[in-house]
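Here's the structure, in structure tokens; my notes come after.
The values are calculated or read from the model by the stated rules, or taken from the named source; none is laboratory data. Quantities reported herein were computed from a predicted structural model and do not represent experimental measurements. FYI the Cβ positions are ideal-geometry reconstructions off the backbone, even for glycines, and counts take in every protein chain you see.
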Amino acid sequence: MAAHNVLFVASEVAPLIKTGGLADVAGSLPAALKAQKQDIRVVMPAYRAALANALPLSIVSLNIAGVPEGTRLLEGRLPGTSVKLYLVDIPDLFDRDGGPYVDAAGHDWADNPERFAAFSRTACAIALDQAGLDWRADIVHCNDWQSGLVPALLSRHADRPATVFTIHNLAYQGHFGSYMLHQLGLPQDLWHMGGLEFHGGLSFMKGGIAYSDALSTVSPTYAQEIQTAAYGYGFEGLLGHRRERLRGILNGVDYTQWSPDKDPHLSAPYSAKDLSGKAANKAALQQHFGLAQEADTPLIGLVGRLAEQKGIDLLLANIERIKSLGAQLVVLGSGDKYSQTALSQAAATAPGQIGVHIGFNEGLAHRIEAGVDMFLMPSRFEPCGLNQIYSLKYGTVPIVRYTGGLADTVVDANEANLAAKTATGFHFGDATAAELTHAIERAVGMYRDHNDLWQQLIRTGMKQDFSWRNSAKQYLELYQAALQWRDQG
Ligand code: ADP
């Protein structure tokens, strides 16, 4: 594809700031697109926590059309790459302690509409060359509700870039009261059933879905699922209506950060050729969590946000079964208070067998991927999911619910797939505790009784390649399509 100017708009970018998979994507896809000769630049808010990680920075613009006075644009580089990074510096909105979307107590920031409206307006100004950068976007690639106003606002400009909107998680929508339209100074002509209005309120997510030239989500299966009532959160009709414009492009992963042979977080590196380091990582992990130092005991892990989506309740309902199977369990996560307490209690009742760390810890996440034998993802829905892909590379066998990106990346260890040597993990169907129990039992049974098959699973998984190259090419095709669709009107 021809070289294009692409503005990539994201509310979190790893390693600067991260709450989930969007940050991993925003931190790695742009470099893969740059390698495909695109002039791609990333814009994100200048959160206090991100600023320190983004140095060195220079001020490149103080004069941005349509944004609060005092807004500054800072320029740096996406760490480890030559990709230009812009930070939207509005101290009143972004210079504070706490997370990108929630305060220290876990409550949404009350001024989130103002924060992400101002962010979106700045992105529009950059895209339209109204920010004094002498650069204009051909394509603006937005991500999730925080940038959903961008396609809506750009739609009002005759000579505008093409817009692409990627849904990383439809469950978070940026839905606010209708009065916000005026409070945010948004144009009245965007307020109608085919526009920003959603069930009487103002929806940022709908701005992205309704107004972008092209839509994507992060796995082929999730692209189908969100067109159904069970997964669509009320957007299934609109998404179905726009399905010709919707693609499912599987997330890639950054193997420079996630490969067991060169992962600085691990106590011992390893590869498929020599798995002895994996045993050393397992021993180190057991020690870290105070678990019995038993090389042959199956060790199950989970890392993730403790949210309903992730099926933590299904795990909690299986704690007794995991104990009676004589397996060990380690969990790293933070999120809803109930899950945090219940998991901590489970660990307290089974010291030596269950270890729980509440919090966000990048290094420990890597050590768990390396040290456990099996990785649980009992998600109710999973747009793509990254941890199961990391697990494959780390010779850790994923146990996943058959949904979204989990279905697209893990091949079940049924008889046919084992015979074909394509199996890499274990699926279960319904989001019930009993189905998860069955999957755990199958995995533990194979681990204990069929070491040859277990080794086959590990080795098949480690061979899988989910690097960005392939997915980046699909985004380029989508960009090309978006330009045509824009021109068709
Ligand atoms: P989601 O975006 O829904 O949270 P993904 O699987 O797509 O789920 O991405 C989650 C990313 O966040 C992974 O890189 C995972 O390792 C990381 N992660 C989640 N919770 C934690 C945690 N408590 N500590 C460290 N990393 C975490």
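Scoring THR297 on the criteria (1) in contact with a helix residue (DSSP H, G or I) (Cβ under 8 Å, 6 or more places away or on another chain); (2) surrounded by 15 or more Cβ atoms within 10 Å (Cβ to Cβ); (3) not basic (Lys, Arg) leaves a single failure, condition (1). If you go through segment 332-366 and keep only what is closer than 19 Å to HIS265 by Cα and surrounded by fewer than 17 Cβ atoms within 10 Å (Cβ to Cβ), you end up with GLY359, PHE360, ASN361, GLU362, GLY363. So which residues in segment 89-114 are part of a loop (DSSP other than H, G, I, E, B) and more than 22 Å from the chain's Cα centre (by Cα)? The answer is ILE90, ASP95, ARG96, ASP97, ALA105, ALA110, ASP111. Taken over segment 1-50, the residue count meeting the criterion of being closer than 18 Å to LEU250 by Cα and away from the ligand (no atom under 16 Å from the Cβ) is 6.
Do we have TYR390 as touching a strand residue (DSSP E or B) at 6+ places or on another chain (Cβ under 8 Å), more than 10 Å from the ligand (Cβ to nearest atom) and assigned by TED's automatic domain parsing to the domain that holds ALA280 here? It is false that TYR390 is touching a strand residue (DSSP E or B) at 6+ places or on another chain (Cβ under 8 Å), more than 10 Å from the ligand (Cβ to nearest atom) and assigned by TED's automatic domain parsing to the domain that holds ALA280. For segment 49-58, indicate whether the set of residues that are in contact with a strand residue (DSSP E or B) (Cβ under 6 Å, 6 or more places away or on another chain) and without any contact (Cβ under 8 Å) to a residue 24 or more places away in the chain is non-empty. Scanning segment 49-58 turns up at least one residue that is in contact with a strand residue (DSSP E or B) (Cβ under 6 Å, 6 or more places away or on another chain) and without any contact (Cβ under 8 Å) to a residue 24 or more places away in the chain. Restricted to helices (runs of 4 or more DSSP H) entirely inside segment 376-477, those with at least 2 residues that are among the basic types (Lys, Arg) and surrounded by fewer than 23 Cβ atoms within 10 Å (Cβ to Cβ) are 433-449, 451-463.
Of note, THR81 does not satisfy the criterion of being within 16 Å of the ligand (Cβ to nearest atom), not in a helix (DSSP H, G or I) and not acidic (Asp, Glu).
Restricting attention to segment 15-39, the residues that are assigned to a loop (DSSP other than H, G, I, E, B) and surrounded by fewer than 23 Cβ atoms within 10 Å (Cβ to Cβ) add up to 7. The numbered conditions (1) free of Cβ contacts under 8 Å to residues at least 60 places away in the same chain; (2) touching a Lys or Arg at 6+ places or on another chain (Cβ under 8 Å); (3) within 15 Å of the ligand (Cβ to nearest atom); (4) within 29 Å of ASN451 (Cα to Cα) are all true for ALA350 except (3).
The residue that is farthest from the chain's Cα centre (by Cα), among those in segment 64-88 that are hydroxyl-bearing (Ser, Thr, Tyr) and closer than 22 Å to ALA152 by Cα, is THR71. Just one residue in the set VAL150, VAL164, VAL140, VAL83 is in contact with a His (Cβ under 8 Å, 6 or more places away or on another chain), at pLDDT 95 or above and either surrounded by 21 or more Cβ atoms within 10 Å (Cβ to Cβ) or within 20 Å of SER58 (Cα to Cα) (or both); that residue is VAL164. Condition (residue is without any contact (Cβ under 8 Å) to a residue 24 or more places away in the chain, within 25 Å of TYR475 (Cα to Cα) and either of a type in the set (Phe, Trp, Tyr) or surrounded by fewer than 19 Cβ atoms within 10 Å (Cβ to Cβ) (or both)) applied to segment 109-124: is it met by at least one residue? For segment 109-124, residues without any contact (Cβ under 8 Å) to a residue 24 or more places away in the chain, within 25 Å of TYR475 (Cα to Cα) and either of a type in the set (Phe, Trp, Tyr) or surrounded by fewer than 19 Cβ atoms within 10 Å (Cβ to Cβ) (or both): absent. There is no residue in segment 356-372 that is among the aromatic types (Phe, Trp, Tyr), assigned by TED's automatic domain parsing to the domain that holds ALA280 and modelled with pLDDT of 95 or more.
Within 21 Å of TRP454 (Cα to Cα), within 16 Å of the ligand (Cβ to nearest atom) and of a type in the set (Gly, Ala, Ser), is that true of SER271? So SER271 does not fit the description; no.
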